[in-house]
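Single-structure report; data block below.
The values are calculated or read from the model by the stated rules, or taken from the named source; none is laboratory data. Quantities reported herein were computed from a predicted structural model and do not represent experimental measurements. Cβ coordinates were reconstructed from backbone atoms using ideal geometry, including for glycine residues, and neighbour counts include every protein chain displayed. Note: accessible area is taken over every heavy atom of the protein model, side chains too, but ligands, DNA and RNA are not part of it. Shrake-Rupley method; radii C 1.70, N 1.55, O 1.52, S 1.80 Å.
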Amino acid sequence: MVKAWGWLLGAAMMSIGVPALAEDEPRFCPTRPNLGGSSCTTEPGRVHFEISALDWQRDDQPDQREDRIVTADILTRVGIGKNTELQLDWVGYGRDRTRDKATALVDTATGTGDVTFAIRQHLAGQKGKPFSAGVQAFVTAPTGRYPIGAGSWSTGIIIPVQYELTEKLAIAVTGEADAAANQSGHGRHLAYNEITGLRYKFTDAVTATAEMSLERDDEPDQHETMALAALSAAWRPTKVLQFDILAATGLNAAAPHLRLVTGGAILF
């Protein structure tokens, strides 16, 4: 609460022309809209929300076309230590529509998605330094049914690394390994990916990121390697509010054809 009042006082000082110290600015570092992860954590005593207003994905295969729409995907991040935060992610609503191209039969499923619990630890890097790294462990509870949810428990670990090449340009690499749920709802299998991105800061309020993702999914009945390319942009009209958009496309037959995501983030 003291930090919140301190920030409000600083904003008021800026509005009347009195310079506030840069150190008084809140630590606002949304992970979205990127595909990759982040090592940045929420400050203790503050709460950070990230929301997908619309997440639409189309997977167009030779035998069928699948369209999945997710809304109210809400990630809550709470700072519990100087470099540690807890996360709770819940998919509020999803709709999956699959059309068989041979028979024209349509199968539609709706419902809520899974709940994911995570802890993120910032390991290296500080303000003014180019290198940063962290680690995030998570577990997903099957509160939603397949295909909106995974249908079974899963867990994994994410390791994000970032290096600022210049004041405006940064490169980030995220590695992830999961004990992912099988589509049958019974058992788990290994899935892992690597995401490489370049972020460019046009201004303090506007940034854009280009990313490439390679994912290996060793599902028992069907081993797949998926390649994706994504472009995203974020706009921050204030120090604690962000609006963003992401567009991704599959680079091989196994990957979803197209994905569009809009939403934003806010810090309290």
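The table that follows gives values for the structure above.
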quantity: R0 of 41 Å, Cβ-Cβ distance A205-L86: FRET efficiency to nearest 0.05; calculated: 0.90
quantity: Nearest-10 value in Å² for the accessible area of W235, using the 1.4 Å probe; calculated: 130
quantity: Estimated dipole of the chain in Debye, rounded to 20 [Cβ of Lys and Arg +1, of Asp and Glu -1, Cα centre]; calculated: 860
quantity: Linear extension gain, K239 paired with L198, 0.36 nm per residue minus alpha-carbon span; calculated: 12.5 nm
quantity: Estimated D of the chain in µm² per second, where Rh is the Kirkwood radius over Cα pairs and Stokes-Einstein applies at 37 °C, 0.692 mPa s; calculated: 166
quantity: Portion, in percent, of the accessible area of the chain that falls on carbon or sulfur, probe 1.4 Å; calculated: 62
quantity: Over the range 71-129, relative contact order from alpha-carbon pairs under 8 Å, at least 6 apart, %; calculated: 34
quantity: Geometric extent, Cα atoms of the range 224-268 - Rg, Dmax (angstrom); calculated: 14.0, 42
quantity: Order by protection proxy (mean Cβ within 10 Å, highest first), peptides 141-147, 129-135; calculated: 141-147, 129-135
quantity: Helix 2-15 vs. the chain, principal-axis angle (Cα, 0 to 90°, nearest 10); calculated: 70
quantity: Percent RCO, i.e. relative contact order, over the range 155-238, from Cα pairs under 8 Å lying at least 6 residues apart; calculated: 22
quantity: Computed [θ] at 222 nm, deg cm²/dmol, the chain (DSSP H ≥ 4; -39,500 (n - 2.57); rounded to nearest 500); calculated: -1500 deg cm²/dmol
quantity: Difference of contour (0.36 nm per residue) and Cα-Cα distance, T71 to Q183; calculated: 38.1 nm
quantity: Over the range 207-268, relative contact order from alpha-carbon pairs under 8 Å, at least 6 apart, %; calculated: 28
quantity: Set of aspartates and glutamates near K129 by C-alpha distance (under 13 Å), chain-local residues within fewer than 8 positions excluded; calculated: E164, E167
